[in-house]
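Down below is the structure, laid out as structure tokens.
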Amino acid sequence: MMSPFLLLGIAVAAIAILLFTVIALKWPAYVSLLVVSVLTALAAGVAIQDVVPLMIEGMGGTLGSVALLVGLGAMLGGIIEKTGGAEVIAQRAAEVLGEKRLAQALLIASGLVAIPIFFDVAFIILVPIIFAFAKAAGHRAPIAIGMPVAVLMVFIHNTVPPHPGVVGSTTLLGQDLMGLVTLLGIALAIPMGVLVHVVGTKVIGSRAFSLDPEISQKYAIAGAASVCAAGSGASGGRTTGSAPSALDTAPTDGEVLTDREVPTDGEVRADGETHRRPPATLVIALILLPIVMIACGTVGTLVFPDGSSAANMLSFIGAPAFALLVATLIAMYLLGVMHGWGRQQISEVMDGALGPAAIVILVTGAGGVFAKVLTETGVGDAVSGLLLDAGVPILLLAFLVALVFKVAQGSGTVATLSAAGIIQSTVLAGDYSSLQVALIILAIGLGSLTLSHINDSGFWIATKFLGLSVADGLRTWTVLTTVLGVSAMVILSVGWWLAGGRRLPPPRRPTRPPSPAPRRRPSPTLHSSS
């Protein structure tokens, strides 16, 4: 049996190699994670004939939930995106809250849009609306509205399923907790939305920012007529003879903000087909439907006895995969048919949404391989055990490990899965309640959000589309993501204390000694829950 310090050295070397291949050599994260997994397994004493079966087991055990949730979430988000659902939610929020509260309206709308749609796609969709709303609200630059929107959306991306990082960490630490993590993540996003609005106003409002000339020109010509009309209570649909707004204008040559036109009610496209934007209430209902179903399942397990017919039925209805499947099926036909698409077009849109999701799913699976190797070899036990022996609480440990990975290599998904793999054995062997494990999962997500900087793709998406320099991006994006990450951790710490953390004994290391190699299996199981 290897000493904990030798296993710690293997962990440090594995992390160093992972960071070197991703940052210096620019390897794809998928390849880097697999290579590091092989090297770690061999260094920790796994028999050479058991390395590949161990990798297959880790990949299969992770992809069971991840492929279902990320794939369905991508399809639901894709149909909402392509039919203009994000835009109608933003305009409806502006109608309800009025012209003077356009910033708050867009922040609320962005929070809803960010639940089913990946951050990069969702933010790019909203960029033209950010420019138009900023012009209508009288702001000096779109950053005043756009940056809080971007930061709230990436916060939701890191803490609310079906986004890949939090789904992967939940699969590793407590697969049956997906519904609880979803509800807690949404509940946490509400105060964070208020906080990012208040802090963003102070951070951004007190400075003058120099925009990129091209972005400045786009902002200067952004029309706001329809937004002003919406703010004064006009109908969401465009009236006959009204001037087109920035939301309805086709992109000019060299346009970098969006690659598609936003369809208006009854618009006739070049192909002769008529397309309609869906009502905002329908889009919001489709986003909230899986959340409500998941909430019913989570509450049902608390109200009804285990094994009862009611508990079993609500558990089935509230399973995140089933909830997303129902919402996706309904969205396919209500939004697709309303948009004027035929069955073939609907199928193409849904299939097209799986392309980007496939990369995310594979990277998440590779992270599961790395986590499996760390667990089976005892490396994860050694690292987390030594830190716990040094007095680092498990909640803070989860946050800090994810933070280190995030700052070093930039990918939130890689940071989340690596951190979950390191602490997996300790969490599974510890005497933690379901609520406490859910809080640990969210702490990992917050660590993968905090101190986001120039090696994070989200940093570049937000700064480039808003026309900011790198220095101004650090002063805004990095500051706001750190404020939200640390503030949310304070809330989680209070929740941990209220959940009984103060009454539990100090977090303990697993009672089983770390084994140098997993027992050989004649035929590896592809869907292990560990």
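The values are calculated or read from the model by the stated rules, or taken from the named source; none is laboratory data. In this text, all values refer to a predicted model and were calculated from it rather than measured experimentally. Here Cβ is always computed from backbone atoms with ideal geometry, including for glycine, and neighbour counts include all displayed protein chains. The protein model used for the area step is the full one, side chains on, heavy atoms only, and it has no ligands, DNA or RNA in it. Shrake-Rupley method; radii C 1.70, N 1.55, O 1.52, S 1.80 Å.
Is it the case, given these coordinates, that E81 is of a type in the set (D, E) and crowded, with 24+ Cβ neighbours inside 10 Å? Spelling it out, it is not the case that E81 is of a type in the set (D, E) and crowded, with 24+ Cβ neighbours inside 10 Å.
Each row is one residue, and each column tells you yes or no for (1) at pLDDT below 90; (2) buried (at least 24 other Cβ atoms within 10 Å of the Cβ).
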position: L102; (1), (2): yes, yes
position: L126; (1), (2): yes, yes
position: A141; (1), (2): yes, no
position: V149; (1), (2): no, yes
position: L184; (1), (2): no, no
position: P191; (1), (2): no, no
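Can you tell me which residue in region 1-31 is most open to solvent (accessible area, probe 1.4 Å), limited to those that are part of a loop (DSSP other than H, G, I, E, B) and farther than 16 Å from G410 by Cβ? Per the stated criteria, the residue is M1.
Yes or no, residue by residue, for (1) open to solvent by 80 Å² or more (accessible area, probe 1.4 Å); (2) in a helix (DSSP H, G or I); (3) at pLDDT 80 or above:
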site	(1), (2), (3)
G272	no, no, no
R277	no, no, no
T281	yes, yes, yes
I284	no, yes, yes
L288	no, yes, yes
I291	no, yes, yes
C296	no, yes, yes
G300	no, yes, yes
D306	yes, no, yes
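The single condition among (1) over 18 Å from A408 (Cβ atoms); (2) open to solvent by less than 20 Å² (accessible area, probe 1.4 Å); (3) at pLDDT 90 or above; (4) out of contact with any Leu (no Cβ under 7 Å at 6 or more places or on another chain) that D472 does not satisfy is (3).
When you look at I461, is it in contact with an Asp or Glu (Cβ under 6 Å, 6 or more places away or on another chain), at negative phi and at pLDDT 85 or above, yes or no?
Values: in contact with an Asp or Glu (Cβ under 6 Å, 6 or more places away or on another chain): yes; at negative phi: yes; at pLDDT 85 or above: yes.
Yes, satisfied.
Inside region 326-344, can you point out the residues that are under 15 Å from R276 (Cα atoms) and open to solvent by 50 Å² or more (accessible area, probe 1.4 Å)? Those that are under 15 Å from R276 (Cα atoms) and open to solvent by 50 Å² or more (accessible area, probe 1.4 Å): Y333, L334, V337. Quick check: anything in region 430-447 of a type outside the set (K, R), without any contact (Cβ under 8 Å) to a residue 60 or more places away in the chain and open to solvent by less than 40 Å² (accessible area, probe 1.4 Å)? The answer is yes, given that some residue of region 430-447 is of a type outside the set (K, R), without any contact (Cβ under 8 Å) to a residue 60 or more places away in the chain and open to solvent by less than 40 Å² (accessible area, probe 1.4 Å). Taking the criterion of being modelled with pLDDT of 90 or more and either farther than 14 Å from M489 by Cβ or open to solvent by less than 10 Å² (accessible area, probe 1.4 Å) (or both), the residues of region 396-418 that qualify are L397, A398, A402, T416. Apart from one condition, N455 fits all of (1) open to solvent by 10 Å² or more (accessible area, probe 1.4 Å); (2) part of a helix (DSSP H, G or I); the exception is (2).
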